[in-house]
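Working notes, structure below.
The values are calculated or read from the model by the stated rules, or taken from the named source; none is laboratory data. Everything quoted here is computed from the prediction, not taken from an experiment. Quick reminder, even Gly has a Cβ in these numbers, built from the backbone with ideal geometry, and neighbours come from all protein chains shown. Keep in mind that these areas ignore ligands, DNA and RNA; they rest on the heavy atoms of the full protein, side chains included. Shrake-Rupley method; radii C 1.70, N 1.55, O 1.52, S 1.80 Å.
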Amino acid sequence: MLITESLWEIMKKEHGYTDEMLVEMIKEIDLKDGRRDGRVLLPPVKCDACGKIIEKGSNRCLYCGNTVDMDLFYR
Ligand SMILES: [Zn+2]
């Protein structure tokens with residue numbers, strides 16, 4: 001929470017964002033999964049080489065070793 005608050009203040013002081021602009025950005029991010037519910041639950045990522053599901057927290061397929069491009073904030 002301290003990190004988030006610090007980043008929030010930096011965005012306002014150093015880059016001119018307003019509270020309203022930052023709240024709108026949070027709403028956009030919340031809607032990444034199509035639901036405005038305060039969390040983002042994206043569907044599992046499948047390996048583009050073998051089609052198996054990539055384990056969360058990894059960008060490498062356990063089955064074939066293929067590396068996939070993941071969203072930096074995928075969770
Ligand atoms: Zn694979």
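Considering only residues of the stretch 58-75 that are open to solvent by less than 90 Å² (accessible area, probe 1.4 Å) and free of Cβ contacts under 8 Å to residues at least 12 places away in the same chain, which is nearest to the ligand (Cβ to nearest atom)? Can you show your working first?
Initially, the stretch 58-75 is screened for residues open to solvent by less than 90 Å² (accessible area, probe 1.4 Å), giving 58-59, 61, 64-68, 70-71, 74.
In the following step, the residues that additionally are free of Cβ contacts under 8 Å to residues at least 12 places away in the same chain were identified as 58-59, 65, 67.
Working: SER58: 11, ASN59: 11, GLY65: 7, THR67: 9 Å.
Applying the filter and picking the extreme gives GLY65.
Inside the stretch 14-29, residues that are closer than 16 Å to THR4 by Cα, open to solvent by less than 70 Å² (accessible area, probe 1.4 Å) and either part of a loop (DSSP other than H, G, I, E, B) or assigned by TED's automatic domain parsing to the domain that holds LEU72 (or both) make up a count of 1.
Could you tell me which of the residues LEU22, LEU7, LEU42, LEU62 is of a type in the set (A, V, I, L, M, F, W, C) and at pLDDT below 95? I'd like the intermediate steps shown before the answer.
Details: LEU22 fails: at pLDDT below 95; LEU7 fails: at pLDDT below 95; LEU62 fails: at pLDDT below 95.
So the residue among LEU22, LEU7, LEU42, LEU62 that is of a type in the set (A, V, I, L, M, F, W, C) and at pLDDT below 95 is LEU42.
Test GLU55 against the stated conditions and say whether it is on the phi < 0 side of the Ramachandran plot, open to solvent by 70 Å² or more (accessible area, probe 1.4 Å), outside any helix (DSSP H, G or I) and not hydroxyl-bearing (Ser, Thr, Tyr). It is true that GLU55 is on the phi < 0 side of the Ramachandran plot, open to solvent by 70 Å² or more (accessible area, probe 1.4 Å), outside any helix (DSSP H, G or I) and not hydroxyl-bearing (Ser, Thr, Tyr). There is at least one residue in the stretch 33-51 that is free of Cβ contacts under 8 Å to residues at least 12 places away in the same chain and assigned to a helix (DSSP H, G or I).
Residues that are open to solvent by less than 70 Å² (accessible area, probe 1.4 Å) and within 26 Å of TRP8 (Cα to Cα) were ranked within the stretch 39-52; the one that is farthest from the ligand (Cβ to nearest atom) is VAL40.
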